[in-house]
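In what follows, a structure is listed as structure tokens, so that the remarks can point back to it.
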Amino acid sequence: MTYEHTGREPMDEQRLADQLQKTGNLMDLTFDQAWLAEAAEDDGWIEAGVMMRPYVNYLKSLTPEQNRSLRFQAKLLGILLPELKQWITSWGLGQSFEPVYTAARQTLYRHLKQLTEEQEDWITALIDENDQRLPVEEQAVRSQTSSMLAQLFTVEDWHELAEVAAQGMSQTVLQIPQAVSDRVPATA
């Protein structure tokens, strides 16, 4: 694991050595409030292994505007995807849940690229409310997520989700004879 530190003092090697000697575990530093506060202020790059280099290089190549856009998208999806999952769970799809949820996510991604002004305003309010760090049950804008998603999806989208659900249920039902025969002992 490598650590590249830019723009600040190098990491306190003595502190790390002392911690390692004291407890044998560097992760114990995460319980030290002063160390956590110091680490949180660090704007340097942290890289974990060779496999992360292309990703880190990609992130370094982004303009500040592209970086802000990616952070905004991550924050938005961090709100919308759990809400979408909870909403679809409430439909009681059983075995069809996973394929329907996958299709609904893809539909959501597609629609987020072409929002109306009203939808953009709602998303801005959703993000602003989320930034207030209120408990979820006190987030009035977030409580509207299911109805906004329902409006976002078109009639064609609903037909597609229904077809995915029907296919999933059909596959489940068609597997029942095999599951039953696997449990029945052979007679001679």
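The values are calculated or read from the model by the stated rules, or taken from the named source; none is laboratory data. Owing to the predicted nature of the structure, the values given are computational and were not obtained by experimental measurement. Glycine gets a Cβ as well: all are built from the backbone with ideal geometry, and neighbour counts include every protein chain shown.
Suppose the filter is surrounded by 10 or more Cβ atoms within 10 Å (Cβ to Cβ), free of Cβ contacts under 8 Å to residues at least 24 places away in the same chain and assigned to a helix (DSSP H, G or I); does GLU120 pass it? Full working, then the answer.
Values: surrounded by 10 or more Cβ atoms within 10 Å (Cβ to Cβ): yes; free of Cβ contacts under 8 Å to residues at least 24 places away in the same chain: yes; assigned to a helix (DSSP H, G or I): yes.
Judged against the criteria, GLU120 is a match.
Cβ-Cβ contacts under 8 Å between residues 6 or more apart (or on different chains), taken from a first residue in segment 125-149 that is closer than 20 Å to LYS113 by Cα to a second residue that is of a type in the set (Lys, Arg), are listed as LEU126/ARG142; ILE127/LYS75. What do you reckon, is THR154 in contact with an Asp or Glu (Cβ under 7 Å, 6 or more places away or on another chain) and assigned by TED's automatic domain parsing to the domain that holds ILE79? It is false that THR154 is in contact with an Asp or Glu (Cβ under 7 Å, 6 or more places away or on another chain) and assigned by TED's automatic domain parsing to the domain that holds ILE79. The one condition from (1) more than 16 Å from the chain's Cα centre (by Cα); (2) assigned to a helix (DSSP H, G or I) that ASN130 does not meet is (1). Residues being assigned by TED's automatic domain parsing to the domain that holds LEU161, of a type in the set (S, T, N, Q), under 25 Å from LEU161 (Cα atoms) and modelled with pLDDT of 90 or more are entirely absent from segment 124-135.
Got a sec? Which of ILE46, ILE88, ILE79 is modelled with pLDDT of 90 or more and in contact with a Phe, Trp or Tyr (Cβ under 7 Å, 6 or more places away or on another chain)?
Details: ILE46 fails: modelled with pLDDT of 90 or more; ILE79 fails: in contact with a Phe, Trp or Tyr (Cβ under 7 Å, 6 or more places away or on another chain).
Exactly one residue qualifies, and that residue is ILE88.
Inclusion of LEU149 among residues that are part of a loop (DSSP other than H, G, I, E, B) and under 19 Å from ALA104 (Cα atoms) is not warranted.
Would you confirm, using the coordinates I've provided, whether GLN114 is exposed (fewer than 13 other Cβ atoms within 10 Å of the Cβ), part of a helix (DSSP H, G or I) and at pLDDT 75 or above?
Values: exposed (fewer than 13 other Cβ atoms within 10 Å of the Cβ): yes; part of a helix (DSSP H, G or I): no; at pLDDT 75 or above: yes.
The answer is no for GLN114.
Restricting attention to segment 75-104 and to residues that are of a type in the set (Gly, Ala, Ser) and assigned to a helix (DSSP H, G or I), the residue that is farthest from ALA165 (Cα to Cα) turns out to be GLY78.
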